[in-house]
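Written below as structure tokens is the structure these notes are about.
The values are calculated or read from the model by the stated rules, or taken from the named source; none is laboratory data. All figures in this text were calculated on a predicted structure; none of them were measured in a lab. Positions of Cβ are generated from backbone atoms using ideal geometry, with glycine treated the same way; all protein chains shown enter the neighbour counts. When the accessible area is computed, the model is the full protein with side chains, heavy atoms only, and any ligands, DNA or RNA have been set aside. Shrake-Rupley method; radii C 1.70, N 1.55, O 1.52, S 1.80 Å.
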There are 2 protein chains.
Amino acid sequence: MNEMPKRFGARINLRKGHVDMTHGSGGRAMAQLIEELFVRHFDNELLSQSNDQAAFQPPSGRMVMSTDGHVVTPLFFPGGDIGSLSVHGTINDVAMSGAKPLYLSAGFILEEGFPLADLEKIVKSMAAASREANVPIVTGDTKVVEKGKGDGVFITTTGVGVIPDGIQISGDLAKPGDAILVSGHIGDHGVALMSKRDNLEFETEVASDSAALHGLVAAMIDEVPDGIHCLRDPTRGGLAATLNEIASQSGVGMHLQAADIPIRNDVAAACELLGLDPLYVANEGKLIAICAPEVAERLRDAMHKHPLGTNAAVIGTVNDDEHGFITMMTEFGGSRVVDWLAGEQLPRIC
Amino acid sequence: MNEMPKRFGARINLRKGHVDMTHGSGGRAMAQLIEELFVRHFDNELLSQSNDQAAFQPPSGRMVMSTDGHVVTPLFFPGGDIGSLSVHGTINDVAMSGAKPLYLSAGFILEEGFPLADLEKIVKSMAAASREANVPIVTGDTKVVEKGKGDGVFITTTGVGVIPDGIQISGDLAKPGDAILVSGHIGDHGVALMSKRDNLEFETEVASDSAALHGLVAAMIDEVPDGIHCLRDPTRGGLAATLNEIASQSGVGMHLQAADIPIRNDVAAACELLGLDPLYVANEGKLIAICAPEVAERLRDAMHKHPLGTNAAVIGTVNDDEHGFITMMTEFGGSRVVDWLAGEQLPRIC
């Protein structure tokens with residue numbers, strides 16, 4: 001963040017004001033927006049240093065860095081908004097290496113005319129998500145583009161974290177015989193979002209599962225320090241895309257049991273209605289774990305004890321297939337291929 | 001970056017193709033874009049791990065993290081483009097703490113319909129800037145928004161680096177009596193950009209000064225390990241905004257000598273023409289250094305020896321003024337206040 005002088009005369013009007021081009025100019029209006037909005041809510045010592053970068057002493061260990069742009073539409077949806085999502089999304093990408101997330105940065109691209117009240121709502125929600133996860137937003141940047149050259153607000157967050165000694169988790173470590181687990185119900189985020197899209201609104205009680213998963217990951221590693229080979233959060237493209245990614249990276253195939261994949265009735269019904277396959281619908285608070293078969297039950301039981309893993313289930317096994325095919329036994333006993341998503345299912349889901 | 005399967009059938013058409021929504025869907029088209037464009041050009045071992053995060057072993061020391069969104073228009077300008085700018089900008093923000101930049105992440109927000117040939121040009125330019133600076137792009141993300149909801153391409157880069165032991169450089173450390181230096185001619189970037197804006201095109205030979213300054217910073221610290229108190233790159237809002245930021249952060253005033261501030265005749269003439277004050281025009285390859293008076297000459301001489309500091313000059317002194325006023329003796333011997341930029345000078349300059 002840039003510098004914030006201590007006095008500006010009138011406070012910025014966060015109730016009725018709008019983003020204008022001066023908020024991106026490097027001058028007094030920008031400094032005021034940063035001080036009275038971002039620094040106030042993200043409140044932490046590193047950010048308040050007011051340099052263009054944050055300096056910190058990391059614990060020793062291998063470090064991890066991950067970045068994620070958020071362009072979700074609508075900006076506010078059942079179970080969250082672009083602010084909380086941008087915190088959870090990047091914390092999760094860091095955590096999927098087994099790392100403890102330490103710090104976040106946030107880059108805002110604002111569209112001229114965007115209501116400051118909405119921006120404050122988003123910033124408050126980011127601040128709350130960051131506090132709850134105990135991962136502070138320590139540096140940031142704000143740019144403003146002309147009306148019609150953006151879409152309200154885009155947020156790119158980057159996270160850094162440290163991997164505990166001895167942990168080796170990566171998408172290329174799945175081995176034939178390994179068990180495949182998912183931490184809970186799939187498809188909630190995508191369905192919650194679709195229910196609020198302008199052209200699609202339909203009645204459902206489904207809320208996004210958006211959540212920070214690093215606590216669950218820490219609990220899993222605590223209980224099963226050896227034997228977790230891969231972790232990944234099935235966001236865009238859903239369970240199907242993520243499993244195809246891992247299969248391709250590890251050079252293995254997979255076989256799933258449809259009956260074992262947790263899915264809410266509401267989500268299944270909505271997917272039926274919309275003609276979507278829930279395997280391809282985005283999640284924002286779920287993870288896939290691939291582990292040695294001998295620790296699978298212990299891992300599942302450990303997940304069950306965590307609030308974000310109460311519905312965890314073993315859903316399949318890794319097999320030896322150099323073509324990387326993923327097959328699934330359907331609930332009717334047939335077999336189908338779970339391919340990559342070829343076209344586009346739900347744009348701007350995160 | 002997400003995973004990239006090894007075979008897709010036909011290669012992506014980088015010569016005549018356009019970004020479409022499937023490139024952001026999490027499916028095959030996105031994986032192909034990542035593999036055939038980003039991973040190919042950014043080519044490095046960490047990125048090729050294909051996880052959603054990059055893991056690395058940092059050298060010991062305090063770490064630094066900085067982020068910067070890039071929304072510059074036009075995307076291509078004399079002396080650079082949004083790609084090289086997004087690498088230089090974040091490297092510089094990291095380097096201004098005295099740190100050695102280690103790694104970058106890149107988050108792309110693409111507008112549907114953007115020509116893939118232009119995207120490749122930008123990606124190549126980023127790759128070249130990153131290689132030249134020896135700071136690899138180790139992780140990234142790509143999102144696509146509908147036509148009319150973005151502006152071609154926005155790039156948010158984040159950098160991490162390590163501060164050498166014993167170095168303490170921060171915007172709040174300027175002291176009365178300190179010398180103020182600038183590393184070269186001011187205003188080049190802003191003028192180069194303005195000369196290419198649709199509604200303004202005028203004839204000038206001025207090119208952007210966009211450059212990575214970490215080599216210059218290392219040379220400065222090498223020569224003067226003690227006594228450099230603040231470093232900052234005067235980007236948006238130019239020299240004036242940056243000095244006001246530091247003055248406010250450190251609780252000091254400053255006095256400048258206009259005659260000592262290096263500025264090209266072309267830039268001065270263009271500013272005259274456009275009614276701009278060059279003190280407020282953006283730079284992308286310059287830094288301001290504030291140091292103890294006894295090392296000022298030695299620091300300036302060290303800067304002169306580096307290709308990016310050949311025109312470095314001492315331009316003023318820090319004084320004891322709790323109101324944080326910046327004054328300047330003009331070339332005609334008068335005195336003026338160099339205030340914060342109140343409105344907006346040049347939108348979307350970086």
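For segment B:21-163, what D do you get in µm² per second when you plug the Kirkwood radius from alpha-carbon pairs into Stokes-Einstein at 37 °C and 0.692 mPa s? Estimated via Stokes-Einstein, D reaches 213 µm²/s. Rounded to the nearest 20 debye, the dipole size of segment B:179-337 about its Cα centre is 120 debye, using +1 on the Cβ of Lys and Arg and -1 on the Cβ of Asp and Glu. Per-atom-type breakdown for segment A:21-163 gives carbon and sulfur 47% of the accessible area (1.4 Å probe, protein chains only).
Normalised per residue, the accessible area of the protein assembly as shown is 36 Å², obtained with a 1.4 Å probe and no contribution from ligands, DNA or RNA. The antiparallel fraction among DSSP beta bridges confined to the protein assembly as shown stands at about 80%. Of the trypsin sites (Lys or Arg not before Pro) found in segment B:15-50, those that fall in a DSSP loop while having at most 12 other beta-carbon atoms within 10 Å are B:ARG15, B:LYS16.
Among rounded, prolate and oblate, which fits segment A:284-350 when a ≥ b ≥ c are the square roots of the eigenvalues of its C-alpha gyration tensor, a/c under 1.5 means rounded, and a/b larger than b/c means prolate? Since a/c reaches 1.5 but b/c is at least a/b, the shape of segment A:284-350 is classed as oblate. Here the convex hull built on the C-alpha positions of the protein assembly as shown has a volume of 140 cubic angstrom per residue. The charge dipole of chain B, taken about the Cα centre with unit charges on the Cβ atoms of Lys, Arg (+1) and Asp, Glu (-1), comes to about 1180 debye, rounded to the nearest 20. Heavy-atom accessible area buried between chains A and B is around 6300 Å² (1.4 Å probe, both sides summed).
Other residues lying with their Cβ under 10 Å from the Cβ of B:MET254 contribute a combined charge of -2, Lys and Arg counting +1, Asp and Glu -1.
Counting only other chain Cβ atoms within 10 Å of each residue's Cβ, the peptide A:105-114 averages 4. Rounded if a/c is under 1.5, else prolate if a/b is larger than b/c, else oblate: which is segment B:179-337, with a ≥ b ≥ c the root eigenvalues of its Cα gyration tensor? It is oblate, given that a/c is not under 1.5 and a/b is not larger than b/c.
Here the relative contact order of segment B:192-277, from alpha carbon pairs under 8 Å that lie six or more residues apart, stands at 22 percent. When you filter the GluC sites (Glu not before Pro) in segment A:294-346 for DSSP loop state and at most 15 other Cβ atoms inside 10 Å of their Cβ, you are left with A:GLU322, A:GLU331. Mind telling me which of A:THR242, A:THR139, A:THR330 comes out most flexible in a GNM of chain A, alpha-carbon contacts under 10 Å? So, out of A:THR242, A:THR139, A:THR330, the one fluctuating most is A:THR330. When the inverse distances between all different Cα atoms of chain A are averaged and flipped, the Kirkwood radius reads 21.2 angstrom. Electrostatic bookkeeping for A:ASP68 treats Lys and Arg as +1 and Asp and Glu as -1; over the other residues with beta carbon under 12 Å from its beta carbon, the sum is -3.
Taking the DSSP beta bridges with both ends in segment A:21-163, the antiparallel portion is around 70 percent. Beta bridges from DSSP with both residues in chain A: antiparallel share about 75 percent, rounded to the nearest 5. The dipole here belongs to segment B:106-219: it is taken about the Cα centre, uses +1 on the Cβ of Lys and Arg and -1 on the Cβ of Asp and Glu, and is about 240 debye. Axis angle, to the nearest 10 degrees, between helix B:116-133 and the longest C-alpha principal axis of chain B: 50 degrees. In the protein assembly as shown, taking the dipole from charged Cβ atoms about the Cα centre, the farthest positive-side position among A:THR157, A:PHE76, B:HIS323 is held by A:PHE76.
Result for chain B in a Gaussian network model with C-alpha springs under 10 Å: among B:GLU272, B:GLU36, B:GLU223, the largest mean-square fluctuation is at B:GLU272. Determine the calculated [θ] at 222 nm for chain B from helices alone, applying -39500 (n - 2.57) to every DSSP H run no shorter than 4 residues and normalising by the residue count; nearest 500 deg cm²/dmol. When only DSSP H runs of four or more count, the value is -7500 deg cm²/dmol.
With 20 Å as the limit, the listed pairs B:LYS16/B:LYS124; A:LYS100/A:LYS143; A:LYS149/A:LYS196; A:LYS149/B:LYS196; A:LYS147/B:LYS16 have A:LYS100/A:LYS143; A:LYS149/A:LYS196; A:LYS147/B:LYS16 beyond it between alpha carbons. Taking a ≥ b ≥ c as the square roots of the Cα gyration tensor eigenvalues, with a/c under 1.5 meaning rounded and otherwise prolate when a/b beats b/c, else oblate, which class fits segment A:199-250? Cα axes put segment A:199-250 in the oblate bin. Of the chymotrypsin sites (Phe, Trp or Tyr not before Pro) found in segment A:266-350, those that fall in a DSSP loop while having at most 14 other beta-carbon atoms within 10 Å are A:PHE332. Relative contact order of chain B: 21 percent, from C-alpha pairs under 8 Å at least 6 residues apart in sequence. With a 1.4 Å probe and every protein chain kept in, tell me what percent of the accessible surface of segment B:179-337 is carbon plus sulfur. On segment B:179-337, the fraction of accessible area on carbon and sulfur atoms equals 48 percent.
Across the identical copies, the label point of A:LYS147 (7 Å from Cα in the Cβ direction) is separated from its matches by 2.3 nm, in order from shortest. At a threshold of 50 Å², the residues of segment A:305-340 that become less accessible to a 1.4 Å probe in the full protein assembly than in their chain on its own are A:TRP340. Axis of helix B:238-250 versus longest Cα principal axis of chain B: the two differ by about 70°, to the nearest ten degrees.
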